[in-house]
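Have a look at the structure below, then the notes.
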Amino acid sequence: MQKCFRVGLYRQGLLHDMSKYSPTEFLVGMKYYQGNRSPNNAEREDTGVSLSWLHHKGRNRHHYEYWVDYDPARGERILAGARMPRKYVAEMVMDRISASQVYNDGTYNDRMPLEYYERNKDKLWFVHEKTKRDLSRILTILAEEGEDAMYDYVKYVYLGKKRKKHKEKCADESAYHRTCQ
């Protein structure tokens, strides 16, 4: 919620992952909770499928799995990723940072979300290319310039929120401003 608020996504921050309170997701979370990874993975290992994940990704637009559909250009039997709207890509980034912080408690650094993405990107054949490029760019800013620069980029450039008047000139502020002039 706090990370979404920081980039101006107040409604999404308040409503983020509310489906986790449904019995389908909450009971699985209680049964399979381990603290260092998603309970959905443990459910999947135990039963062969994660009904909790299927429920979750079908109701939360900040997961790229939500955006998988048939691609009429390839025929009705071929799945492909639709381009995610920017506000959901931004929410996904905030979610990934939070998950990395929780699952790497005490050892987290700003490179971890990018490293996780890089390790798994070849498996993301179903994600729209523009969505992958956007995600990679934002996570690279986080890894190379830090959290403040990433928040500024997402809020003011990627989402195009209006900037309040500042006393300092743009060049005197963060590395983000130098890269965006």
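Any read-out appearing in this document is the output of simple, stated calculations on the displayed coordinates, not a laboratory observation. Note that the coordinates shown come from a computational prediction; the quantities given were computed from them, not determined experimentally. Here the Cβ positions follow ideal geometry from the backbone for every residue, glycine too, while neighbour counts run over all protein chains shown.
Observations on the model:
- For the chain, built as a Gaussian network whose Cα springs stay under 10 Å, the top-fluctuating residue of Gln12, Gln34, Gln101: Gln34
- Among Ala80, Ala90, Ala149, residue whose mean-square fluctuation peaks in a GNM of the chain (springs only between Cα atoms under 10 Å): Ala80
- Using just its DSSP H runs of length 4 or more, each adding -39500 (n - 2.57), the chain gives a mean residue ellipticity at 222 nm of -14500 deg cm²/dmol after division by all residues.
- Exposure rule at most 12 other beta-carbon atoms within 10 Å, DSSP loop chymotrypsin sites (Phe, Trp or Tyr not before Pro): the chain longest free segment: 34-124
- Comparing Glu118, Glu145, Glu65 in a Gaussian network model of the chain, where Cα atoms under 10 Å apart are tied by springs, the biggest mean-square fluctuation is seen for Glu118.
- Integer Hz, Karplus 6.51/-1.76/1.60 couplings in order for the range 80-95, x for Gly and Pro: 8, x, 7, 5, 7, x, 4, 5, 7, 5, 4, 5, 4, 4, 4, 5
- Set of aspartates and glutamates near Lys123 by C-alpha distance (under 15 Å), chain-local residues within fewer than 8 positions excluded: Glu65, Glu115
- Counting neighbouring beta carbons within 10 Å and listing from fewest to most, the residues Leu139, Leu159 come out as Leu159, Leu139.
- Loop-resident trypsin sites (Lys or Arg not before Pro) (DSSP state other than H, G, I, E or B) in the range 67-99 with no more than 15 further Cβ atoms inside 10 Å of their Cβ: Arg74, Arg77, Arg83.
- Interchain or long-range residues, amide H under 5 Å from Val68's placed H: Ala82
- Legend: residue pairs Lys57/Lys164; Lys20/Lys161; Lys87/Lys164; Lys87/Lys162; Lys132/Lys155, Cα-Cα distance threshold 25 Å; pairs beyond threshold, Lys57/Lys164; Lys20/Lys161.
- Reported to the nearest whole Å, the Cα centre-to-centre distance from the range 39-92 to the range 123-145 is 16.
- Under the convention that each Lys and Arg Cβ holds +1 and each Asp and Glu Cβ holds -1, the size of the dipole of the chain around its Cα centre is about 820 debye.
- In terms of other Cβ atoms within 10 Å, Thr47, Thr131 run from fewest to most in the order Thr47, Thr131.
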